[in-house]
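Heads up, the thing below is written out as structure tokens.
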Amino acid sequence: MSIDEVAVGVFPPERFESVIPVDRFREFMESVGRARDALEGRAVWNINSTASGGGVAEMLRSLLAYARGAGVDARWVVISGNPEFFSVTKRIHNNLHGAAGDGGELGDGERRVYEDALEPNIEELSGLVRADDVVIVHDPQPAGLIQPLKDLGATVIWRCHVGLDLPNDTARLAWNFLIPYVQPADQYIFSRRAFAWEGLETSKITVVAPSIDAFSPKNQDMDEATVAGILDDAGLIHEARDGSATFVRQDGSPGRVDRKATFHDGGDAPPAGVPLVVQVSRWDRLKDPVGVIQGFADHVAAHTDAHLVMAGPAVEAVSDDPEGAQVLEESHAAWAALSDDLKARVHLATLPMEDGEENAAMVNALQRRANVVVQKSLAEGFGLTVAEAMWKARPVVASRIGGIQDQIVEGVSGVLVSDPTDLAEFGEAVRDLLTDPDRATKMGADAQERVRDEFLGPRQLMQYLKLIAGLIEG
């Protein structure tokens, strides 16, 4: 098998009535009703390259389940590829962010690798996708499927989750590689207007910002006792506890954290009660884990008693990111270069991925335990971890780049670092929040309301369904 069809749950969209204003909930339910009628007899396929380990997969798991709960036949398939294919697509991913990545080319040889790997996927999809179905192709990896899907009679949308505010020559190399595959799509969706590519028909460009699911294991409410229980059982923090390590799974059934996180610094978990600075992200150079470690060590540690936790997925579990293990090793090298007293306050944790919902519950608890959440990315399409932390009423310090600057209102719902490479500016922002808890609390509360207004699932799902219905109805 070249493709895997991902099992998608069914969630009632009515549950959002408890978290969004009445008028917005009414508009949402009317919108999904119209879309259900327009899509009767059609499947809406979503195609990407991984079912776990990234923000796209996380959003799909949630949005498609709510779409199914609304009566839409939403489906999800994951393509396969060999290591050479994923090396090329990781290079494209880095280039789209303006970064050289591994420094390799995107020439005729890479085009052959890309197309040859997609060919078996095309053959299998031709037996699944019917004329009049709708297909949303996510990101560069499956973009080469667009024309073959069009040939089947499907309506095809390309959804690009990555981008660059000010494109450079490196980004344009990736554009030039992908445009022949992308252009045939009926519509292009970007997370920001600034991300839209030159050379695409402007009338076919739509902007849809990502969103989070308030009820997922990663974002659902947790009381302090449960947070402590999960962190203790996962080995992330040795907290005094009187709660159990439990959470509610997406299907409403009970879940429990059983597996342990792994610390790659050779040390122990942070002690109970210490202030925490937390970054949760994939092990990716564009997330700048080394810069976070250096910024904390040079500009935060001497002024507070806080500890830093850098948490990311177990690298072997993220199939479409061949650089993860290298970046984790680079992070470990940065930790090893610290003095002994700083080593004891910087912790590199990988979280188990065997159970995606268990992993999400660990992230939820860790973000809720944080005094400050940071996202010091060098490039970012949107940065879901920012919205996740904001929803938990955490003060966030993040880079003024990409979709992060759409989420945070500077000085109100978070702090934006103007230059992501300026470790002193980053450290000062973190330090100021750690030493001013009243300001941090107020900022966290404002952040939560910002997410409620702009970045919960109903808004994104409504935009998708309106767009799809419009394409079908002509």
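The values are calculated or read from the model by the stated rules, or taken from the named source; none is laboratory data. Since we're looking at a predicted model, the values are computed, not measured. Here the Cβ is made from the backbone with ideal geometry for all residues, glycine too, and neighbour counts use every protein chain on show.
Limited to the stretch 182-202, what total is found for residues that are part of a strand (DSSP E or B) and free of Cβ contacts under 8 Å to residues at least 40 places away in the same chain?
Going residue by residue through the stretch 182-202, those that are part of a strand (DSSP E or B) are 187-190.
Among the residues that remain, those that are also free of Cβ contacts under 8 Å to residues at least 40 places away in the same chain are: 188, 190.
Final tally of qualifying residues: 2.
Of all residues in the stretch 145-180, count the ones that are among the hydroxyl-bearing types (S, T, Y) and within 24 Å of the chain's Cα centre (by Cα).
Let us first name the residues in the stretch 145-180 that are among the hydroxyl-bearing types (S, T, Y), namely 155, 170.
So of that shortlist, the ones also within 24 Å of the chain's Cα centre (by Cα) come out as 170.
Looking only at that region, the number is 1.
Would you point out which residue out of I157, I212, I179, I205 is buried (at least 22 other Cβ atoms within 10 Å of the Cβ), more than 20 Å from K287 (Cα to Cα) and touching a residue at least 12 places away in the same chain (Cβ under 8 Å)?
Details: I212 fails: more than 20 Å from K287 (Cα to Cα); I179 fails: buried (at least 22 other Cβ atoms within 10 Å of the Cβ); I205 fails: buried (at least 22 other Cβ atoms within 10 Å of the Cβ).
Unique residue meeting the criteria: I157.
Within the stretch 237-273, can you find the residues that are of a type in the set (A, V, I, L, M) and touching a Lys or Arg at 6+ places or on another chain (Cβ under 8 Å)? If you could, list the steps in order and put the result at the bottom.
Step one: list which residues in the stretch 237-273 are of a type in the set (A, V, I, L, M), which gives 237, 240, 245, 248, 257, 261, 269, 272.
Passing the criteria: I237, A245.
Pairs needed: first member in the stretch 442-464, over 12 Å from A214 (Cβ atoms); second member anywhere, among the hydrophobic types (A, V, I, L, M, F, W, C) and in a helix (DSSP H, G or I); C-beta distance under 7 Å; at least 6 residues apart or different chains.
A447/M390; R450/M390; Q460/L63; L461/L63; L461/A67; M462/F28
Here is a check on your reading of the model: is V386 over 15 Å from G291 (Cβ atoms), assigned to a loop (DSSP other than H, G, I, E, B), among the aliphatic types (A, V, I, L, M) and in contact (Cβ under 8 Å) with a residue 24 or more places away in the chain?
Numbers: over 15 Å from G291 (Cβ atoms): yes; assigned to a loop (DSSP other than H, G, I, E, B): no; among the aliphatic types (A, V, I, L, M): yes; in contact (Cβ under 8 Å) with a residue 24 or more places away in the chain: yes.
So V386 does not fit the description; no.
Out of everything in the stretch 404-438 that is of a type in the set (A, V, I, L, M, F, W, C) and assigned to a loop (DSSP other than H, G, I, E, B), what residue ends up being farthest from V386 (Cα to Cα)? Outline the logic, then answer.
Going residue by residue through the stretch 404-438, those that are of a type in the set (A, V, I, L, M, F, W, C) are 404, 408-409, 412, 415-417, 423-424, 426, 429-430, 433-434.
Retained after the next criterion (residues that are assigned to a loop (DSSP other than H, G, I, E, B)): 408-409, 412.
Numbers: I408: 8, V409: 12, V412: 14 Å.
Across the stretch 404-438, the extreme among qualifying residues is V412.
With (1) closer than 20 Å to E58 by Cβ; (2) among the aromatic types (F, W, Y); (3) in contact with a Gly (Cβ under 6 Å, 6 or more places away or on another chain) as the list, and Y181 as the residue in question, which single condition is left unmet?
It is condition (1) that Y181 fails.
Yes or no: V363 under 30 Å from R256 (Cβ atoms) and surrounded by 19 or more Cβ atoms within 10 Å (Cβ to Cβ)?
On the way: under 30 Å from R256 (Cβ atoms): yes; surrounded by 19 or more Cβ atoms within 10 Å (Cβ to Cβ): yes.
Criteria met by V363.
In this structure, does R91 turn out to be over 19 Å from the mean Cα position of the chain (by Cα) and among the basic types (K, R)?
Values: over 19 Å from the mean Cα position of the chain (by Cα): no; among the basic types (K, R): yes.
No: the conditions fail for R91.
Would you kindly identify the strands (runs of 3 or more DSSP E) lying entirely within the stretch 227-338 that contain at least 2 residues that are closer than 26 Å to A398 by Cα and in the same structural domain as G383 (by TED's automatic domain parsing)?
Working: elements: 246-248, 254-256, 276-280, 307-313.
Qualifying strands (runs of 3 or more DSSP E): 276-280, 307-313.
Only one of these is part of a helix (DSSP H, G or I) and of a type in the set (G, A, S): A445, A398, A393. Name it.
Numbers: A398 fails: part of a helix (DSSP H, G or I); A393 fails: part of a helix (DSSP H, G or I).
Just one listed residue meets the conditions, A445.
In the stretch 298-325, which residue that is without any contact (Cβ under 8 Å) to a residue 40 or more places away in the chain and surrounded by 14 or more Cβ atoms within 10 Å (Cβ to Cβ) is farthest from T435 (Cα to Cα)? Quick ask: steps written out before the conclusion?
Of the stretch 298-325, the ones without any contact (Cβ under 8 Å) to a residue 40 or more places away in the chain are 302, 305, 308, 310, 312, 315-316.
Filter once more, so that each one left must be surrounded by 14 or more Cβ atoms within 10 Å (Cβ to Cβ): 308, 310, 312, 315.
Working: L308: 15, M310: 21, G312: 27, V315: 34 Å.
Out of the qualifying residues, it is V315.
Say whether the condition of being in contact with a helix residue (DSSP H, G or I) (Cβ under 8 Å, 6 or more places away or on another chain), among the aromatic types (F, W, Y) and touching a residue at least 60 places away in the same chain (Cβ under 8 Å) is met by at least one residue in the stretch 259-267.
Looking for residues that are in contact with a helix residue (DSSP H, G or I) (Cβ under 8 Å, 6 or more places away or on another chain), among the aromatic types (F, W, Y) and touching a residue at least 60 places away in the same chain (Cβ under 8 Å), one finds none in the stretch 259-267, hence no.
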